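The values are calculated or read from the model by the stated rules, or taken from the named source; none is laboratory data. Note that the coordinates shown come from a computational prediction; the quantities given were computed from them, not determined experimentally. Note that each Cβ is placed from the backbone with ideal geometry, even for glycine, and that neighbours are counted across all protein chains shown. Only protein heavy atoms, including side chains, enter the accessible area calculation; ligands, DNA and RNA are left aside. Shrake-Rupley method; radii C 1.70, N 1.55, O 1.52, S 1.80 Å.
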Amino acid sequence: MRSRNPVFSRRGFSRDNGYAGFNTAPQAGGPAVATQGNPYAQPTGNPYAQNPYAQKPYGQQDVQHGAPPQAPATAGRMTIDDVVMRTGTTLGVLVVFAALAWALLPVDDANLGRSYGIGIGAALIAMVLGFVQSFKRKAAPALILTYAAFEGVFLGVISSVVDNRIADGAAMQAVLGTMAVFVGVLVAYKAGWIRVNRRFYGFVMAAALGFILLMAVNLLFAVFGGGDGLGFRSGPLGIVFGVVGIILGACFLALDFKQVEDGLAYGAPREEAWLAAFGLTLTLVWIYLEFLRLIAIFSSSD
């Protein structure tokens, strides 16, 4: 199955990318092994038949030698701790720069234009950096952290604008909403209530493509026609599309979790944890912005 998340499509943990191309044809003199470009795949069959010193299942010592079981070799492979640490680092950089932008770029009447301009400029830079990383063959930690810094500046400015000029407390509500979606999707995924397969992937990608195209058309009408374009981002339609955006973000979270799970199972190299962190950060930013926009719409309609 190909990579399910477009963020990971260039260098993800799919069956077609070199980490999971399994060929179970037996090799001469040994058990079946992965032969389609997967240097991390493990032999199948009985790993103890050829090597009397191979690791035994936990609790079963070698009777002849009395040696305790040894831990499997995992040096250089991605672990869940790697993913958590890299994701925490990336989000930490984003939050720090968002807090700095909130504090140093005021959004009062005298400074709103300048601060908003800096925020939009930071968003454009972050978008370019995100595209560059998405099309790179390897994860670049410096590029990912730089993206997080500029994205943080944009989020700090836009959050300050909404919180101070539209809806008091909107930023904190959006953060809590994003955390609730993250925890909810994680619990549902681990419990097996969400099954990520080809059908799920196809549905999510089709829905996301349609959503993005509609937003692009709305933006073009807004730029050339003024106002809010076709009204997809304000009023009742804006509320509907905001809810749809959050649901799509939740679906992308499930895809992210599946990618991390596949990477751990297929023995992806440790540096791929940065790619997982990048994908999770993109998805969380998407969800946060949809919550922020939804709160702003509700407050404007009061």
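What to note about this one:
- Boolean, Gly238 is at pLDDT below 95 and over 24 Å from the mean Cα position of the chain (by Cα): yes
- Subset of the range 144-174 that is β-branched (Val, Ile, Thr) and surrounded by fewer than 19 Cβ atoms within 10 Å (Cβ to Cβ) - its residue that is modelled with the highest pLDDT: Thr146
- In the range 241-256, the count of residues that are surrounded by fewer than 19 Cβ atoms within 10 Å (Cβ to Cβ), part of a helix (DSSP H, G or I) and charged (D, E, K, R) is zero.
Conditions tested, residue by residue: (1) within 30 Å of Ser300 (Cα to Cα); (2) free of Cβ contacts under 8 Å to residues at least 60 places away in the same chain; (3) surrounded by 15 or more Cβ atoms within 10 Å (Cβ to Cβ).
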residue: Val93; (1), (2), (3): no, yes, yes
residue: Tyr116; (1), (2), (3): yes, yes, yes
residue: Pro141; (1), (2), (3): no, no, yes
residue: Val183; (1), (2), (3): yes, yes, no
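- Selection within the range 157-192 - assigned to a helix (DSSP H, G or I), within 20 Å of the chain's Cα centre (by Cα) and either farther than 15 Å from Ile246 by Cβ or among the β-branched types (Val, Ile, Thr) (or both): Val175, Thr178, Val181, Val183, Val185, Leu186, Val187, Tyr189, Lys190
- Pairs, first closer than 12 Å to Phe298 by Cα and among the aliphatic types (A, V, I, L, M) in the range 213-241, second at pLDDT 80 or above and open to solvent by less than 80 Å² (accessible area, probe 1.4 Å), C-beta under 8 Å, six or more apart: Ile239/Leu294; Ile239/Ile297
- Criterion (among the basic types (Lys, Arg) and in a helix (DSSP H, G or I)) met by exactly one of Arg195, Arg199: Arg199
- Pick from the range 119-139, criterion buried (at least 19 other Cβ atoms within 10 Å of the Cβ) and in contact (Cβ under 8 Å) with a residue 60 or more places away in the chain, ranking: nearest to Leu91 (Cα to Cα): Gly130
- Here Leu230 does not fit the description of being in a helix (DSSP H, G or I) and open to solvent by 40 Å² or more (accessible area, probe 1.4 Å).
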